[in-house]
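Peer 1: Below is one structure. I have some questions about it.
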């Protein structure tokens, strides 16, 4: 079975930290995009008939920037061309304030069973400073609406190391997030990506960020509070009740296969990684000619795939299973990466437990250093 990612690049508002492929929705050919996105799915699945889909994830951008009618058109077309398993996890990203009961009813009607909300903070001043259009009251209303619509698998994202954010402000956001009693939380440290407003402000010395020590303290606080609340950490940034881990994201971390549909989307099928054209018109033009909008393709070598197995798999708290690695690649993990693993164990960044190689507590804080060690 394989996963599917569908990208909706439209936003009602552009956040200052966001580096995802997105455009301001006003004046964009949204209806044509939806129709040609369906055409892309149809063209692709002609090449892969009878492929069963185990997870669907619609992200952005802001999928809920589409109208209820546009969502209905998209999901009707998606179901026409994808063979989705009856028990598939079907996630949709939503912005608080954008997703009303009408849209949620459409999502539910088409089988969506998981919502991921970009909350980021429960402090209105912080939300304003980072360019979010919603406010705290919108979060409570959206969660209430989601529950009324029948969604119980709800996740929210929080970001720390934000401008003007203190440890106490972040703690308050964690407390309010946990008070909602949701089954899943994702908590990320701010990354200053090139071409974002925040990156430009940082270069000009106009972005007052918490220190690296504060960053580490916020992360540790999140891990402690979420664990105490029964949301167990299963990946560097993700915490969940038992049975509510994101199956779709596990596809990525397990180096599994997935189709990417939409402008700028990535896919990974049969050792081939591919990327679609990002700019909207560059994405649409080939599809108008009934051609796939693929910008680049790379066939990975066995060595590259094994690198990614470690790079991605070590994000999981359980780590990489040595027996599964041997079965998958016909070679032992130690014979390929023995020296690297021994070194990282000697400096306290990796450990072995129950036949898994995994990050130590210290290694979780220095994950990027560990991951880079496996890339040639």
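Peer 1: Once both labels are modelled 7 Å past Cα along the beta-carbon direction, what's the residue 87-residue 52 spacing in nm?
Peer 2: 1.0 nm
Peer 1: Which whole-number percent gives the relative contact order of the chain, counting Cα pairs below 8 Å spaced six or more residues apart?
Peer 2: On the way: 662 pairs, mean separation 56.3, N = 376.
The normalised contact order for the chain reaches 15 percent.
Peer 1: With each run of n ≥ 4 DSSP H residues scored as -39500 (n - 2.57), what mean residue ellipticity at 222 nm is computed for the chain after dividing by its residue count and rounding to the nearest 500 deg cm²/dmol? Present the calculation step by step, with values, prior to reporting the outcome.
Peer 2: Numbers: 15 runs with 158 residues, N = 376.
The helix contribution divided over the chain gives -12500 deg cm²/dmol.
Peer 1: Quick check: residue separation of residue 152 and residue 20 times 0.36 nm, minus the Cα distance between them. What number comes out in nm?
Peer 2: Gain on stretching residue 152 to residue 20: 44.8 nm.
Peer 1: Moving on. Using every alpha carbon pair in segment 215-362, what percent of pairs falls into each 10 Å bin from 0 up to the bin containing the largest distance?
Peer 2: In order of increasing distance, the bins hold 10, 30, 29, 22, 9, 1 percent.
Peer 1: Using a 7 Å offset from the Cα along the Cα-to-Cβ direction at both residue 171 and residue 288, what is the distance between the two label points in nm, to one decimal?
Peer 2: 5.7 nm
Peer 1: Also, I was wondering about something else. Give the calculated FRET efficiency between residue 300 and residue 354 to the nearest 0.05, with a Förster radius of 22 Å applied to their Cβ-Cβ distance.
Peer 2: 0.15
Peer 1: Right, something else. Taking neighbour counts of Cβ atoms within 10 Å as a proxy for exposure, in what order, fewest first, do 159, 269 appear?
Peer 2: On the way: 159 23, 269 16.
Neighbour counts put them in this order, fewest first: 269, 159.
Peer 1: What is the Cα radius of gyration of segment 1-159 over 2.2 N^0.38 Å, N being its residue count?
Peer 2: 1.04
Peer 1: Let me ask another. Restricting the count to DSSP beta bridges whose residues both fall in segment 2-253, what percent are antiparallel, rounded to a multiple of 5?
Peer 2: 15 percent
Peer 1: Starting at 0 and stepping by 5 Å, how many percent of the alpha carbon pairs of segment 1-50 end up in each bin?
Peer 2: 5, 15, 22, 19, 16, 11, 8, 3, 0
Peer 1: Report the paramagnetic label zone for residue 109: residues of segment 52-69 whose backbone N is under 16 Å from a point 7 Å from Cα along the Cα-to-Cβ axis.
Peer 2: Only 66-69 pass the distance filter.
Peer 1: If you don't mind, another one. Consider all pairwise Cα distances in the chain and report the whole-number % of them above 33 Å. Write out the running numbers ahead of the final one.
Peer 2: On the way: 22826 of 70500 pairs.
Looking at the chain, the distances longer than 33 Å represent 32 percent of pairs.
Peer 1: Relative contact order for segment 302-372: what percent, with Cα pairs under 8 Å and sequence separation of 6 or more? Display every interim value, and only then the final one.
Peer 2: Working: 71 pairs, mean separation 23.4, N = 71.
Reported relative contact order: 33 percent.
Peer 1: Please say if segment 48-125 is rounded, prolate or oblate, where rounded means a/c under 1.5 for a ≥ b ≥ c the square roots of the C-alpha gyration tensor eigenvalues, and otherwise the choice is prolate for a/b larger than b/c and oblate otherwise?
Peer 2: Values: a/c = 2.51, a/b = 1.80, b/c = 1.39.
It comes out prolate by the Cα gyration axes.
Peer 1: Determine the gain in length on full extension of the stretch residue 271-residue 345; use 0.36 nm per residue of separation and subtract their C-alpha separation, reporting nm with one decimal. Let's see the in-between values first.
Peer 2: Working: separation 74, 0.36 × 74 = 26.64 nm, distance 3.02 nm.
My answer for the length gained is 23.6 nm.
Peer 1: Would you mind classifying segment 24-88 by shape? Square roots of the alpha carbon gyration tensor eigenvalues, ordered a ≥ b ≥ c; an a/c under 1.5 is rounded, otherwise it is prolate if a/b is larger than b/c and oblate if not.
Peer 2: Working: a/c = 2.39, a/b = 1.69, b/c = 1.42.
Here segment 24-88 falls in the prolate category.
Peer 1: Sort 8-18, 128-138 by the packing proxy (mean of other Cβ within 10 Å over each peptide's residues), most packed first.
Peer 2: 8-18, 128-138
Peer 1: Simple spin-label model, 7 Å along Cα-to-Cβ: residue 254 to residue 328 in nm?
Peer 2: Result: 0.9 nm between the two label points.
Peer 1: May I pose another question? Can you give me the C-alpha center-to-center distance between segment 270-329 and segment 1-24, rounded to a whole angstrom?
Peer 2: Centre-to-centre distance over Cα atoms comes out at 18 Å.
Peer 1: For segment 305-345, just say rounded, prolate or oblate: build the C-alpha gyration tensor, square-root its eigenvalues into a ≥ b ≥ c, call rounded for a/c under 1.5, and beyond that prolate if a/b exceeds b/c, oblate if not.
Peer 2: Numbers: a/c = 1.57, a/b = 1.06, b/c = 1.48.
It comes out oblate by the Cα gyration axes.
Peer 1: Please state the equivalent ellipsoid semi-axes for segment 302-372: what are the square roots of 5 times the Cα gyration tensor eigenvalues, largest first, in whole Å?
Peer 2: Working: eigenvalues 68, 29, 26 Å².
Whole-Å semi-axes of the equivalent ellipsoid: 18, 12, 11.
Peer 1: What relative contact order, as a whole-number percentage, does segment 57-179 give when Cα pairs under 8 Å and 6 or more residues apart are counted? Mind showing how you got there, number by number?
Peer 2: Working: 151 pairs, mean separation 32.5, N = 123.
In percent, rounded to a whole number, it is 26.
Every number in this text was worked out from the coordinates using simple rules, so none of it is lab data. Note that this is a predicted model, so its numbers are computed, not measured. Please note: Cβ atoms are built from the backbone with ideal geometry, for glycine as well, and neighbour counts cover all protein chains shown.
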